[in-house]
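Below is one structure; the comments refer to it alone.
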Amino acid sequence: MSRNTLRILVLIFGIITALVHLLLGFGSWGNPDASPPAILFILNGISYIVLTAAVAFDLLPKQRALVHYALIAFAAVTIIAYFVANGGLGGPMGWITKLDEVALIIVTYLHLKATA
């Protein structure tokens, strides 16, 4: 796969994940029974936007590998947090988002190798 194709895939998977988290966050804003709190979803979505943009647009060229690994680690921690918060269960939207995050991890790693 070409570097440009991988960059586009990083953008697609990153934006999908960010939007899901932002929609969940703003959708449960003000609901005291929301678990986890809405602010965590919002912060997660914003973090995905920032890290995805940093990887896709090479915003820190001197720290390229670090930025890629930060996005990979962030996605991995988000996946783990999902299973911890849901006791290993969850709905179909959660599973689809986790598959998207796994794909994001894979294409981010491949993008890093293509830019090296």
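The table for this structure:
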read-out: Failed criterion for Ala103 (all others in (1) open to solvent by less than 30 Å² (accessible area, probe 1.4 Å); (2) touching a Leu at 6+ places or on another chain (Cβ under 6 Å) hold); value: (2)
read-out: Qualifying residue in region 104-114 (condition: over 29 Å from Asn4 (Cα atoms) and at pLDDT 90 or above); value: no
read-out: Near pairs, Cβ below 7 angstrom, 6+ apart or cross-chain, from region 58-78 (among the basic types (Lys, Arg)) to any residue that is assigned to a helix (DSSP H, G or I); value: Arg64/Thr115
read-out: Test for Asp100: is it part of a loop (DSSP other than H, G, I, E, B), modelled with pLDDT of 95 or more and out of contact with any His (no Cβ under 9 Å at 6 or more places or on another chain); value: no
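The values are calculated or read from the model by the stated rules, or taken from the named source; none is laboratory data. Values in this document were obtained by computation on a predicted structure and should not be read as measured data. Cβ: placed from backbone, ideal geometry, glycine included. Neighbour counts: every protein chain shown. Note: areas computed on protein heavy atoms with side chains; ligands, DNA, RNA excluded. Shrake-Rupley method; radii C 1.70, N 1.55, O 1.52, S 1.80 Å.
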